[in-house]
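In what follows, a structure is listed as structure tokens, so that the remarks can point back to it.
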Amino acid sequence: MPAIVKRTERCPLCGTEFDAEGQGCRPSCPMSAGCKVVCCPSCNYSFPQETGLAGRLRAFLDRRRTHP
Amino acid sequence: MTPPSDATCQAPRASPLDKQVVASARSVILVGNPNVGKSVLFGALTGKYVTVSNYPGTTVEVTRGTATLDGEPWHVMDTPGTNNLTPMSEDEQVTRDILMKERGYVCVQVCDAKNLRRGLLLTSQLAEAGVPFALALNMADEARSRGFHIDVAQLKEALGIEVVPTVAVERKGVAQLSAGLGAARRSTFTPRYDDAIEAALAEVESLLPPKGGLNRRAVAMMALVGDDSLREHLAANVPEAELARLEDARRRLAARYPESLRFVVSRQRLAAVDRLHDAVVTRSRVSAASTFARKLGGWSTDRLLGLPILALVLFVAYEFVGVLGAKTAVDFLENAVFYDRLVPWTEALVRWAVPWKAAQEFLVGPAGVPFREHAGFIIGKYGLFSMGLSYGIAIVLPIVTTFFIAFSILEDSGYLPRLAVMVNRIFKSMGLNGKAVLPMVLGLGCDTMATMTARIMETRKERVIVTLLLALGVPCSAQVAVILAMVSGLPATATAWFVGSVVATLLLVGWLAAKVLPGRGSDFILELPPLRVPQAGNVAVKTLARIEWYLREALPLFILGTLILYVLDRVHGIAMLERAAAPVVVGLLQLPKEAAVAFILGFLRRDYAAAGLFMQYEPFMKAGTLTRSMEIELVVALTTITLFIPCIANFFMILKERGWKTGVWIAAFILPFSLAVGTGVNLLMRWLY
């Protein structure tokens, strides 16, 4: 099954905010196991969720932005 | 809407349209773009006693509550975020339907003061629809801190309605907004369109009955631009003969413009909004910069200026990926890191950890023999480490990393949707409409996902054409990166041959497919965000996320591909394959026999195949000793591999999405076709190059 983290994502193409749950790769893709690419329900643009190292970097940058 | 708790009415929860009119209770509907703080304002107005239910016939949630505003009981409804009263999504349709079917309400439009232009686009539509409303400039504090100075008095005068700066999370401005709701009125701001549109509007308005909360002009506009979601409403309320007149008026108007009416109307409306925006937003240093960004944004989608900007963007990306990524970074990782250090260290580690000589030789080959000359399992000609990991990490990774950085910059700057607009024009010439652009652009990321998104096309014709074109000639991000790396070693004329061959093939096949397959086109509109300077942090995070995704997806397949090669090598299968493919690969394409393996393994991942070719020609590219014949070989190989059958993941997705018959037809067409194009390019280049 896709490794999608349940949270709100913002589409980098059209700006739509959406719930990532259920927007991951479809099981018909043989590479869907562990895939963290989500599809925007509005424009269908696909992008990987910022989890793992990228998620930690995002959290660090957000913390610095909030408490410089 | 749900009535106040102290009112007497019957269970309206499941059916917001069957509202019971309650004496002394008025209705206020909150509307606004997505993520502007509507729900926060709703909470500030109503407190916590709210009901949430799906809008009838949809999965879209609508929140209702009650409030006492200025001493009077009010129904309050929070609607899904919308950018347009002519809906493009289910959410937008729900909001439009609520506004159209409710009676006797007033609206509060919640607008993000930081993005006034986007908010005013919706304001102009509410004004045009004759809805009484007030405008809340929410997040006013953030707008001020970012250098936006909005002349509220002038905006109020221009719109003819109450305009209140608010900070909903701090309840600032909420009392002033509530106090003015009873006196909410229709806006005097009405965008005027060109004469043809105004005449058509007048004609269609006269055919429509007065209906609900939106006036005839707004409904006429929706009908004119071909809003499908309105069809049921029109069929129920307009006699058949007048529907035919309406359709006739729409067709006559549409024939006047090369673009869709939806696009033309949006553009003219936006022009009116821009004039108002520029009049009320003070030009501080920040806003002056944003004005330049807006101009640049306009130029980047202009028919003439857009092309040189597009060429510049592609050139910079090519230099960045092809030179920095493919030359400097690959050279460092491949030689200084992998072959000079990691390979000898791994070999030494294995010899130290495995005491048996036979096992050592199986894993890392005989001592003292260069690894490219033996068949070690880990370190060897087809070793999992020396080939699989070095392909994945030393060659493709630096190239895709620089490509991902370039792509993230395009994404974060807001240029990507503009790129879609420019590409749209090209695809239109192929019989495709704008919606086809997105799968094509997405195909540059991952063809497999893009094949899935071909679902957004309305007709089977469009879905099949898009799937075919994606499978045929849209290279995925990893392959684009390796292609950029390879063409960076070629002279400009050879590069032009490659690009020209692929683009010409795509245009020809798309045009032919559009002619052969029956069906009709459809419209597409994408909201363009403002251009901005990309944020280094955002680019870093986006790039890292893509690299993680790439490593997770590609590396296992690189290892698998290497394992297959290793086994084939041990059973002399590679030589057999090369002999079997020689009539085509050597005879027709005039490529070295080793290219056959690259083509076959390209089915696992296209970039794996491209990386194999890159390795073969890299020493000559570096030394600048590519001969004319090698340049032709490279162009022919690149063209054929780009057009070759899709990777295994994409192929399975095609079978799943389009059905096995169509999938097999697509593959059966692509295989000989790509080889035929490669042969044609080879013959032409050897004659003309």
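The values are calculated or read from the model by the stated rules, or taken from the named source; none is laboratory data. What you see is a predicted model; the values in this text were computed from it and never measured. Cβ coordinates were reconstructed from backbone atoms using ideal geometry, including for glycine residues, and neighbour counts include every protein chain displayed. To get the accessible areas, we keep the full protein, side chains included, count just its heavy atoms, and leave off ligands, DNA and RNA. Shrake-Rupley method; radii C 1.70, N 1.55, O 1.52, S 1.80 Å.
Out of B:Glu553, B:Glu594, report the one residue that is more than 14 Å from every other protein chain (Cβ to nearest Cβ) and of a type in the set (D, E, K, R).
Details: B:Glu553 fails: more than 14 Å from every other protein chain (Cβ to nearest Cβ).
Result of the check over B:Glu553, B:Glu594: B:Glu594.
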In segment B:653-687, anything within 14 Å of chain A (Cβ to nearest Cβ), open to solvent by 70 Å² or more (accessible area, probe 1.4 Å) and among the basic types (Lys, Arg) is listed as B:Lys656
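If we only count strands (runs of 3 or more DSSP E) wholly inside segment B:86-201, which ones have 2 or more residues that are over 30 Å from B:Val225 (Cβ atoms)?
Details: elements: B:105-112, B:132-138, B:163-165.
Counting at least 2 such residues, we get B:163-165.
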Is it the case that B:Asp151 is surrounded by fewer than 18 Cβ atoms within 10 Å (Cβ to Cβ) and under 30 Å from B:Arg251 (Cα atoms)? no
Per the filter on segment B:649-689, residues among the β-branched types (Val, Ile, Thr) and touching a Ser or Thr at 6+ places or on another chain (Cβ under 9 Å) are B:Ile654, B:Thr662, B:Ile666, B:Val677, B:Thr679, B:Val681
Taking segment B:633-648 and keeping only residues that are surrounded by 24 or more Cβ atoms within 10 Å (Cβ to Cβ) and either closer than 17 Å to B:Leu684 by Cα or facing chain A (nearest Cβ under 9 Å) (or both), one is left with B:Leu634, B:Val635, B:Val636, B:Ala637, B:Leu638, B:Thr639, B:Thr640
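Of the residues that make up segment A:43-66, is at least one assigned to a loop (DSSP other than H, G, I, E, B), more than 10 Å from every other protein chain (Cβ to nearest Cβ) and modelled with pLDDT of 75 or more? Working first, answer last.
First, the residues of segment A:43-66 that are assigned to a loop (DSSP other than H, G, I, E, B): A:43-45, A:49-51.
Still in the running and more than 10 Å from every other protein chain (Cβ to nearest Cβ): none.
Within segment A:43-66 (the criterion being assigned to a loop (DSSP other than H, G, I, E, B), more than 10 Å from every other protein chain (Cβ to nearest Cβ) and modelled with pLDDT of 75 or more), the answer is no, since none of the residues qualifies.
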Residue hits (segment B:503-550; at pLDDT below 80, within 12 Å of another protein chain (Cβ to nearest Cβ) and either under 22 Å from A:Ala59 (Cα atoms) or surrounded by 15 or more Cβ atoms within 10 Å (Cβ to Cβ) (or both)) are B:Phe524, B:Ile525, B:Leu526, B:Glu527, B:Leu528, B:Pro529
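So, of the residues in segment B:462-483 that are within 12 Å of another protein chain (Cβ to nearest Cβ) and modelled with pLDDT of 75 or more, which turns out to be least open to solvent (accessible area, probe 1.4 Å)?
From segment B:462-483, those within 12 Å of another protein chain (Cβ to nearest Cβ) are B:466, B:476-477; that's our starting set.
If we keep only those that are modelled with pLDDT of 75 or more as well, we get B:466, B:476.
Details: B:Val466: 0, B:Cys476: 21 Å².
Per the criteria, the residue is B:Val466.
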The helices (runs of 4 or more DSSP H) lying entirely within segment B:218-328 that contain at least 2 residues which are closer than 30 Å to B:Leu208 by Cα and open to solvent by 30 Å² or more (accessible area, probe 1.4 Å) are B:231-237, B:240-254, B:261-280
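Condition check ((1) farther than 20 Å from B:Ala134 by Cβ; (2) exposed (fewer than 15 other Cβ atoms within 10 Å of the Cβ); (3) under 34 Å from the mean Cα position of the chain (by Cα); (4) without any contact (Cβ under 8 Å) to a residue 12 or more places away in the chain) across all residues:
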| position | (1), (2), (3), (4) |
| --- | --- |
| B:Thr166 | no, no, yes, no |
| B:Gln176 | no, yes, no, no |
| B:Gly180 | no, no, no, no |
| B:Ala183 | no, yes, no, no |
| B:Ser187 | no, no, no, no |
| B:Pro191 | no, no, yes, no |
| B:Asp195 | yes, yes, no, yes |
| B:Glu198 | yes, yes, yes, yes |
| B:Leu201 | yes, no, yes, no |
- request: Would you confirm whether any residue within segment B:371-389 is within 16 Å of B:Met615 (Cα to Cα), open to solvent by less than 10 Å² (accessible area, probe 1.4 Å) and in a helix (DSSP H, G or I)?
  value: yes
Among residues of segment A:12-42 being more than 9 Å from chain B (Cβ to nearest Cβ) and touching a strand residue (DSSP E or B) at 6+ places or on another chain (Cβ under 7 Å), the residue modelled with the highest pLDDT is A:Val38
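If you go through segment B:414-461, how many residues are away from chain A (no Cβ under 14 Å) and either modelled with pLDDT of 75 or more or on the phi < 0 side of the Ramachandran plot (or both)? It would help to see each step written out before you state the result.
Initial filter on segment B:414-461 (away from chain A (no Cβ under 14 Å)): B:422, B:425-433, B:459-461.
Within this subset, residues satisfying the condition of being either modelled with pLDDT of 75 or more or on the phi < 0 side of the Ramachandran plot (or both) are B:422, B:425-430, B:432-433, B:459-461.
Summing the residues that are away from chain A (no Cβ under 14 Å) and either modelled with pLDDT of 75 or more or on the phi < 0 side of the Ramachandran plot (or both) in segment B:414-461 gives 12.
Tell me, which residue of segment B:354-370 that is open to solvent by 10 Å² or more (accessible area, probe 1.4 Å) and part of a loop (DSSP other than H, G, I, E, B) is nearest to B:Val343 (Cα to Cα)? Write out each step before concluding.
First, the residues of segment B:354-370 that are open to solvent by 10 Å² or more (accessible area, probe 1.4 Å): B:354-363, B:366-370.
After this cut, where a residue has to be part of a loop (DSSP other than H, G, I, E, B) as well, the list is B:354-356, B:366-370.
Numbers: B:Val354: 16, B:Pro355: 19, B:Trp356: 20, B:Pro366: 14, B:Ala367: 13, B:Gly368: 13, B:Val369: 13, B:Pro370: 11 Å.
Filtering segment B:354-370 for residues that are open to solvent by 10 Å² or more (accessible area, probe 1.4 Å) and part of a loop (DSSP other than H, G, I, E, B), the one nearest to B:Val343 (Cα to Cα) comes out as B:Pro370.
For segment B:557-590, how many residues are open to solvent by 70 Å² or more (accessible area, probe 1.4 Å) and assigned to a helix (DSSP H, G or I)?
As a first pass, look at segment B:557-590 and keep what is open to solvent by 70 Å² or more (accessible area, probe 1.4 Å): B:560, B:567, B:570-572, B:576, B:579-580, B:583, B:588, B:590.
With assigned to a helix (DSSP H, G or I) added as a condition, the list becomes B:560, B:567, B:570, B:576, B:579-580, B:583, B:588.
So the answer is 8.
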(1) within 20 Å of B:Ser27 (Cβ to Cβ); (2) under 34 Å from the mean Cα position of the chain (by Cα) all hold for B:Gly147 apart from (1)
